[in-house]
Structure formats: structure tokens, C-alpha cells
1. Assuming residue C:42 fulfils every condition listed in (1) within 14 Å of chain B (Cβ to nearest Cβ); (2) over 29 Å from residue C:150 (Cα atoms) apart from one, which condition is it?
2. Can you name the number of the only condition in (1) free of Cβ contacts under 8 Å to residues at least 40 places away in the same chain; (2) not in a helix (DSSP H, G or I) that residue B:36 fails?
3. Is at least one residue of segment A:185-199 within 11 Å of chain B (Cβ to nearest Cβ), assigned to a loop (DSSP other than H, G, I, E, B) and hydrophobic (A, V, I, L, M, F, W, C)?
4. Assess whether residue D:107 counts as being modelled with pLDDT of 95 or more and either within 12 Å of another protein chain (Cβ to nearest Cβ) or not in a strand (DSSP E or B) (or both).
5. Could you please give the count of residues in segment B:146-155 that are in contact with a strand residue (DSSP E or B) (Cβ under 8 Å, 6 or more places away or on another chain), in a strand (DSSP E or B) and at the interface with chain A (Cβ under 10 Å from one of its Cβ atoms)?
6. Between a first residue in segment C:73-86 that is touching a residue at least 60 places away in the same chain (Cβ under 8 Å) and a second residue that is assigned to a loop (DSSP other than H, G, I, E, B) and among the polar types (S, T, N, Q), which pairs have beta carbons less than 7 Å apart while being 6 or more apart in sequence or on different chains?
7. Taking only pairs six or more apart or across chains, which ones have beta-carbon atoms under 6 Å, a first residue in segment D:9-25 that is within 14 Å of residue D:48 (Cα to Cα), and a second residue that is of a type in the set (D, E, K, R) and modelled with pLDDT of 90 or more?
Number of protein chains: 4
Amino acid sequence: MEQYAIGVDIGGTKIAYGLFDGEKKLVYKKKEPSNPELEAEPFFDQVADTVQGILKDFHLVPEQVRGVGIGMPSYILFEEGRILKTTNLTKIKDFPAKAYLVQKLDGMRVILDNDTHVAALAEHSQGAGRGFKHMIYCAVSTGIASGIIINNELFRGRYGWAGESGHAIITPHQGIRCGCGNEGCLMSYCSGSMIVKHIRKKIADGEPTVMTELAGGAEKITAVHLQQAFDRGDPMAVWAVEQMAQYLAIWLYNQYEILNINCFVFGGGLVHFGDRLFPRVRELFDEYNDNDLPVYFKFAELGDDFGIVGAAELLY
Amino acid sequence: MEQYAIGVDIGGTKIAYGLFDGEKKLVYKKKEPSNPELEAEPFFDQVADTVQGILKDFHLVPEQVRGVGIGMPSYILFEEGRILKTTNLTKIKDFPAKAYLVQKLDGMRVILDNDTHVAALAEHSQGAGRGFKHMIYCAVSTGIASGIIINNELFRGRYGWAGESGHAIITPHQGIRCGCGNEGCLMSYCSGSMIVKHIRKKIADGEPTVMTELAGGAEKITAVHLQQAFDRGDPMAVWAVEQMAQYLAIWLYNQYEILNINCFVFGGGLVHFGDRLFPRVRELFDEYNDNDLPVYFKFAELGDDFGIVGAAELLY
Amino acid sequence: MEQYAIGVDIGGTKIAYGLFDGEKKLVYKKKEPSNPELEAEPFFDQVADTVQGILKDFHLVPEQVRGVGIGMPSYILFEEGRILKTTNLTKIKDFPAKAYLVQKLDGMRVILDNDTHVAALAEHSQGAGRGFKHMIYCAVSTGIASGIIINNELFRGRYGWAGESGHAIITPHQGIRCGCGNEGCLMSYCSGSMIVKHIRKKIADGEPTVMTELAGGAEKITAVHLQQAFDRGDPMAVWAVEQMAQYLAIWLYNQYEILNINCFVFGGGLVHFGDRLFPRVRELFDEYNDNDLPVYFKFAELGDDFGIVGAAELLY
Amino acid sequence: MEQYAIGVDIGGTKIAYGLFDGEKKLVYKKKEPSNPELEAEPFFDQVADTVQGILKDFHLVPEQVRGVGIGMPSYILFEEGRILKTTNLTKIKDFPAKAYLVQKLDGMRVILDNDTHVAALAEHSQGAGRGFKHMIYCAVSTGIASGIIINNELFRGRYGWAGESGHAIITPHQGIRCGCGNEGCLMSYCSGSMIVKHIRKKIADGEPTVMTELAGGAEKITAVHLQQAFDRGDPMAVWAVEQMAQYLAIWLYNQYEILNINCFVFGGGLVHFGDRLFPRVRELFDEYNDNDLPVYFKFAELGDDFGIVGAAELLY
């Protein structure tokens, strides 16, 4: 509403910057590649330089800026602003990013949070969750995670990573080991990167599928090939999509039982499965749920800018 | 703090009433049996009569009373104060209890909530959770449920029953069917009433155990016999306690992943298992949790009055 | 978002009803005259009948309705839903309106609040205060009052009437006695009804003004004649508008000092003074305020329906 | 509850440090003089050194510490942690204290707030305001200010200084000019330092009082001499105490009208006036307030450590 805000969306391959005016309107945006080879300090030096450059180009003094909000695929100790580890940017770990950036930016306010939290803020503030007092943003992508809005505010829990619902355990000591360190967490059965591992395992076991051919080799199979194969009626693809539906339904139902929040907003690459996946997820959810009070399944409404929009929302 | 408050704790066998003064001190309490044969209207007529009697005995006019808080083992649409169904008091269902009582009590303020929520309020306000901004009260008893405190307030979700974490599904379409309507929810493996069903099933399958003898018949086995048998090294009891530990650990870990709340307060009959159960639960939890930031397991500190204390807390 | 909601806006001369669908869209509205001769019970019988009629016309059963939100110009004990007194509807006092209506409406959820609170909810949710975490709605009309939004929620205080800032005292035991029982409260110098009393006093003291002629008698002078006279340069009108500006500026500045909320949204009849009044108020405010951080003065954006919109917002 | 916390209470003459353990128990405290001659950087270097020394003495690594909370008599832009100006430490101004300290303390979490806010947190958490959901801490001392607790949390407003109620204006452009830049703010009539100015003015005008003699000169008169003179029946002292009562009553009543918070907790040097002052303040408050719902006037309960206790509370 007042003063400018800068939202930074850091991903494994690119960094997007957005400058928002006092009415939260995006007045400028910029993308640059992210360099996963960089250590934390030079990595954030680049971020600070770009932010300083934007401030300079727009002739903004610190008093005219609410601060810099940053979303990135990391585990972050929120209060301290310390990054514990980062997906795809493996050198960005055990680093006091907030303290480092505050210093680099001459005392400017800096807030860091993980990408799912930031997406939840964006969809709640300006997207599909508008007007819902409580909402769960459901990231269905390479990983599976939640951004939980309670009483119109993002809930982060004690250390900062509330919403790691994808790592809730369903089959302890069974299944494929996940990056979380456990076997049998929910996302190990249904995330975009994990479902492909199940497929490859079946292929290695000698089961046939058109996906190998579509991808040009088992190792190259992605969720996109899974969709294509599903559309052709490939039995393994049908089986894989059904498995995803089964575990996603449990994931959602369990969150509903625990939190009794009735607005789920889906975002991330798996939304492209569309009718191949979500009607079945809904069907299974409704089977578990013996109550007919309204529960909403919605799709994220914001386009490509949701990352910078949500990052700027960290400052309000 | 100010004005008197009345807390009512309705259970399957008794109803307890507490009168609290302006400093939240219990100045009077009373118990009477609850009659599960009564329909909702005569049942709540009795409650209203007893409340009126207490007000009369203490010469309190409505202006001197904050209201009546009621905890009971029901699914309650919180905003409306409508009871959907009640454990052990099966005739108390589909009933607009709040509206009915407000009328019976001449417009006095009435708030109803479920027993786990009420216990969470009590332990957070005056018991083991004091000073924790976020806390999960873990009812481990005949049933398994949570009372979630977020930002020092009880979180109820959209309809009022946030915390039904015991009904999160772990093995869909497998195992013993629970009252929730599903097979394979967490509590179907580890609650006080459900573990006994697993034991009976094994006995029916011909497996030996000292519990049959201790209880005087398989049908009479309760959690108490399980403890006794465990202490004697009975293999089936050892197996049953290990199963409880396995599922309770998953239950707690999954809540920790979803909410990142690090203070768990245990209450309910299963706390009597003590060292037979909880160190093992902790061990399994720590195995799943690859992070060494503090997570607290505590036991409820309030004695028998927690039900009326928490019911009165509904009014503050 | 979900289920229908009914918002009722009760004023001294009319009652407006709005039915909102699950997307908060107004699907039906209706006005009827309010009868100030009626005692509380028949008055609210009429309200209940109209609500029942709307439900019937739209074939809505209670389960499809979130409840009935009511805004009215009353002092209301919020938790109890008891009306203490009502401006212009003097028979509506000392009445347990919520309990009465809940019974009349078969247990439907009912929430009552005062008209300024309701307007604040409307402007914060859908009007000029959108996106401001903290906001003060400033009712400048016959009376002067505030609706305080803190952390995106209406703050009501302990008993329910936070925002009676117009009755803050500025000149104890001096000036014209206000309905609040005190002399020298802020609104006794600058509200629409009180400024006219100051004008009449001057007229009675023999001072000349074109307002007497414009209104057809001193007793008929209203804020509208004050505007007309001001536009003609009438000295008494100029003096009266300056007095209003002086006291409104203090009123706003004092709220800013106490709450450090920087978004003020003006609504009510006095907004029609427009440039005659508000630039001067702003000038005086800025004189008092020795700090140049942004403070926003905005005008209400919602049209005639703000009363029913805000009343429905009570239910979310 | 968990991890250690450091609370720092910075005043014009001394700095107190407290180390609190995981149960919020004070395990160590230390005082050192504050040097008002120091510029901001060397001043906070001293603070950082002492904090580092305590961590070292207790063999605490950063992971074992929640952070450092600091209370001081400053206007602080809360989110940025920038000090705008400081009473009695006039060189501590326009300084990014948080960013500076975070860097000095190797990324440790640092939160700064003003002394009234910090006292409010202490009294709400552990003192006279325990259990009140809303509370106003009323600092009656050299200055007059409020610390407003809403929904069990300190409310800071948009920029960070909610509670500057002492600077609410009562007689614009009249009276003694206050440090806030205005004449006629409430505290210019009734704070400990300002009442003495009124007394000196009367003395300069030739009015007699025993205070001159008690203090050894008009310039040496303090609130302590005012109490002594009042006890001897000195007419000017009686007049001065009555003036304080008049303005304090308006101050409290106006906050009650605006916020409808009914628990006021008094702290600061003027509480030593005791029965000379507060019964009269209450009498006047009750005169203005035409409603008999309970309003509590309480005195702060924490002893000398309230500053470090409250500063540590900033971290929870």
C-alpha cells in the first residue's frame, strides 16, 4: 500500500526480481540466471547487487522501501533468517542469509521464506484463496508441500517450516527413500520426481511401457511423458497416475482431519495433469470424508509472477 | 479475572460443574451422574437446571457471570453451537445445543466445544503448556486426538473440529474399521479401545496371552490388563505396546512435519503406560526426525479439574 | 466464499437486507421501513420474519446459510449480543437481541454489532482499506466514531464498543453536553448534529448568518445548510467549518498517537463537505505530526450497500 | 521455555543484562553504567561485548540462544530496528541498531523495542496483567505512555510506536511545549517532569510553596518534593496533584473510550504517589464513565527486573 517493496524469487535456474509500488502494483521486473556453482556469499552478493541496481535505477532511497522479501527452495530458520539447506542450490546451506543481506544492503529490512510459503501468501492475498480466512496452498510439483494460512496469516510454526506435510510418513521403513531421510513419506509415492522413480523401478523389473520410447530412455522420463503415456492408455502410466491420486487424496484428507481447513489451492507442475488426476483425487477424498460440509479444491490463479508477488507479500 | 465463569465438563458417566471467580479461582464444584438414556432436550434441561441452581446458591445475577463454557465428547459445529454426534451419549446428536441453552438460561452466553479442545485450553493456560505460543495437546485415551494452540489461541478450523488427527489415514482400506467410517486411520492401531480389538483378534486366531486370564475373558480386556501383561513380559502385550508406540510416533511426527509445533502435551488414560510406552515413542520420533532443534514431550499437569478449568477458559 | 450469508442493516428509518452467495456476491436485496414505535420484541419479530421470508423465497435450508449478521446504531455487549441502547430507536434497549433472534430463527447463527464496526469491516474487506493490515474507519456523520481494524480483524475491546473515540474528552466540564453524558467530548464540537447546536447558540446570541434563511428557521439548520452557507462565504459557516476541522484533526492525531495506525478511511455524511473541510483537517494533522512517514487519508469507496456488505462480513 | 534468552534493559544511567534459561528463569544478571557521551557505534559495541562475554562465560553457542531482546527509551522503527531518537541518550539517533548488532553478534537474532512496550510485555506475561487478553500498561513517570496488549500480543502499529498516548493533544497551542513538538499534549500537564515545570512557573510568578525550601531551590524540585509538600498540606502541591489527577483521568478515560480495554496496569515513578493520587484519578474516571461494567486499575507487580524480563519476552 505504501512505499515500494522488492520481491525476489530464487529458483534453481533463475532469479526473478519485482519492484512493487505503494499500491502493490508491479512496476518493474527482471530475471537473471542463478548460478548453482556459487558459494553462499558470492551468490547473495549478486542478489544484493541486483537489488541495489534496481533501487538506483528508480532513484529510491531506503526510506522509500519497505524492504526485500525473498522466496527460495530452502529450509529456513525463519526468525534468524538462516538457511539450513536448499534444493538444487546445494551450496546454499548453513548460511545466515538475512544477517548477511541486511549488512550488504545497509540495514535494509530483509525477510526470507521458503517457496511454498511465498506461493501461499500470493494465492491468499491475490489469487484463488482471496477471502478465505484459513487456506492451504498445496504445492504439487517435484516435491509436495503445504503453505498454511490461518486467520489470514501464514503459519510457520516454531522454527519456520510448518507445511512439510509431504514428508508425513505413511509406510515407515518401506518404499523409496526420500531426501527427507525417511522411507515411506507421502511424497515418496506421488511427487513429480518420485513417481518417476517408481516407473523406472518397474521398467528395471522388465515391465513394458511406452514412456521409455517417448522419453528416449528410462532415465529421461519425466512427468510430461507420464501425461502423454496416460493419454495413450499405457497401463503403467494409468497405474502411476492412480498411485499419485491415491496418495494425494490421503495427503489432503489427513490435512483436513488435522486442521479442518476447507480451502485447498493447488499449484505447481502437477496441475497440468488436470482431469487425468484431480477428479480422481477428489473422488477418493470424498470417499474418506463422511461429512458433506463444503470443501473446496481450487487451482492457483496467479501466473508466472506469483513468486515475486508472494515474496513482496512477506513485507506486509 | 473479572466476573464469575461456569465451566461444565460433560462425560459419558458424569457431569462436573465448576464456578470460578474473577481471579479464575475455583470456588465451588459439583458432580452429578450423566444419564445416557436421555434425549438431548431433557439432558440439557438438567444441565441448565444445575447451572441455575449454582447461580441461585451464590446469589449471582447474569451481569455477574461471563457465561457457561461446556466441554463434551462431541463433534460440534462450533460457530452454530450445534452438536452433530457424541461419543457414549448417542442420543445427543443433531441438536442446536447452544441455541437451546441460551434460551433456557435467559440469554446467558454459552460456548460449547469438544473435550480435547477444552483440555488443550486448560493445559495451555494453566498446565504443562504455559508460556508456549504454539502447543499441541495430545489426547491419548479411548480415542486419539489433538488440541492445537496457535499464537496462544485454540485453532478450531472452519467448522470446529481441527485436531481430529487420530483419524488421519495410514493404511487405506486395511485394518480395523474405526468409528470415523474408514479403515486404517492412525487411531485404529493405537488408541486404548482399538488396541484391545487387535489383541482380541489375535486371541481369536489362537495366539496365547496372559491377558485373557487377567481380565477374566477376552471380551473384558482393557488397557489396564495390557499394562499388567506387559509388566509380566507377555509376548502379545509386548507386541501390542510396540504397535502403539509405532503408530503414536508416526502420529506425532506427522503433526510435527505439518505444523512444526514443538511442544506436545500428553493427557488421557494412556499416560499411565508411562515408561512402558513413551520412551519408545520418543525414540521412534527421533529416528524419523533428522533435525536436533528442541522438541518437547510433556505430560499434562492439571489434575481431575482440567475439564471444568478448560470449559471455563472457553469464555476468556 | 461458501454457503449464503444474510446481512441486515438496521437504521432509524429503514432496514436493508442483503443475501450474499458463496462468492460473497449480493444476489438479492430488500428494504423496508423501520418502525421506531415498536418495542424490541415486535421489532425483531419483523426482522426475523423478513429473514425467514428470504430463506423461503430462495429455498434455503439452515445448513446452506452461515447465519445472519446485523449492524445497527446501538451499544451492544458483543459477546452476549445484548443491546444496551440504540440511537433513534430508543425503545430498543436492554434487550438480549441475539438470544431472542437465535430462538426465532430456530438456532441459526446470529451476530450483532454496531454500525461503525460494520462499516469498518466493509471498507476493510472490499473498500478503501483493502490490503491494509491495520486501518481506522472514521465515521463522520451525526456522530463521530471509529472502527478499528488490527491485524486484519475488527478490534472490539472487552465489552464490544472499542472505537467510541468521538467521546474522548477534550474540554472536561465545558461546552455542550453530549449524549454520552459528558460535556466537552470531541464530537460535541464537530459532529454533524453537534456543530448545528453551536451554530444555533450563536444565532441565539444574536450573531447573523445566512443559514437561518437557507433553512427556513434556526431550528431547521442542518449540515447541508452549513455547506451552502460556507460556499457563499458566510462568516459563521466559515467559523463553524474551521471548528470542525480543528477538532477532527485532534481526533485523528490522537488516534494516530495512541495506535500508530496510518490508514484512515472516512465515511458518513460529513464526507460531502469534501474540499471545504478535509484539506484543512489534513493541514492541521500534519502540523501536529512532526514525522513524515506516510499517513493515508482516504474516503470510503463502497456505495449504499456498505451496511449490508459489512453486516454479512460479521459472519466470516 | 527452550533455549536461553538474553534481555537487555538500556536506560539513561545504566544497562542491565539478564540471561534466562529454557524455563524463562533468570539465571544471571549484570549491570553496568551507560555512557551518554558515546556515539551509537561505540555505545552498541559495548552492549555487544557484554553479551558476547555472557555467552562465553556460560559456554553458550548461538544455537543455544533465542537471541537478544533490547528495551530502551527510544523511538524505534520496529520492523527495521532503526532508532530514531532516544531520551537521555541523545547521541543514539538515526541509527540502524538492529542491523549493526546482528552483524556484531555474528547473525544472532536481535529485537529492539521501546521501554514502555517492554514493560507491558513483562507485566502481561508475568505481572499484574496475567490472564487478561487485552491490557494497557500505563507508564506514569518522567513521561506518560502506554503499552497496549491486544489478543495477548503487544500491538505496535504500523511503524512501531503505538502507545504514545501521552502526546495526545488536549489543549492545542496552549500550555507548555513538550518534547513531542506540540503544546498542550496530555503529558505536558501531568508527567513527572512536566508537572515540575508548572510548579516552577507558579514560583516564578511569585506564588509561595514549601517545595522550594524542601528541594533547596526551585530548579531542584522533583516529584519527590511534590509528594513531601503534599503530605504537609502545601497548597501549591495540592493544586499540582489535583492537576495531575485531572489529566491522568482524561488520559485513561480517553483510552477506555477508544479501545474499550478494561485492565490498566500502572508502572513508573509516579506510582509512589499512591493514595495521594490514584483514588482521585479513579473518582474522576468513574465520573466520566457512565457504565458500571468492571474496569480494573492495577499496579505493576514485577520488581526491578521488569526491564530485562520484558526485553527477553520480545523473543517469544
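1. (1)
2. (1)
3. Scanning segment A:185-199, I find at least one residue that is within 11 Å of chain B (Cβ to nearest Cβ), assigned to a loop (DSSP other than H, G, I, E, B) and hydrophobic (A, V, I, L, M, F, W, C), so the answer is yes.
4. no
5. Selection size over segment B:146-155: 3.
6. C:73/C:87; C:73/C:88
7. D:15/D:32; D:16/D:9; D:16/D:31; D:17/D:30; D:18/D:29
Rundown of residues vs (1) within 25 Å of the chain's Cα centre (by Cα); (2) within 14 Å of chain C (Cβ to nearest Cβ), yes/no style:
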{"position": "D:212", "(1), (2)": "no, no"}
{"position": "D:217", "(1), (2)": "no, no"}
{"position": "D:221", "(1), (2)": "yes, no"}
{"position": "D:229", "(1), (2)": "no, no"}
{"position": "D:237", "(1), (2)": "yes, no"}
{"position": "D:246", "(1), (2)": "yes, yes"}
{"position": "D:249", "(1), (2)": "yes, yes"}
{"position": "D:257", "(1), (2)": "yes, yes"}
{"position": "D:260", "(1), (2)": "yes, yes"}
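The values are calculated or read from the model by the stated rules, or taken from the named source; none is laboratory data. Worth saying up front: this structure is predicted, and the values here are computed from it rather than measured. Neighbour counts run over all protein chains shown; Cβ positions are idealised from the backbone, glycine included.
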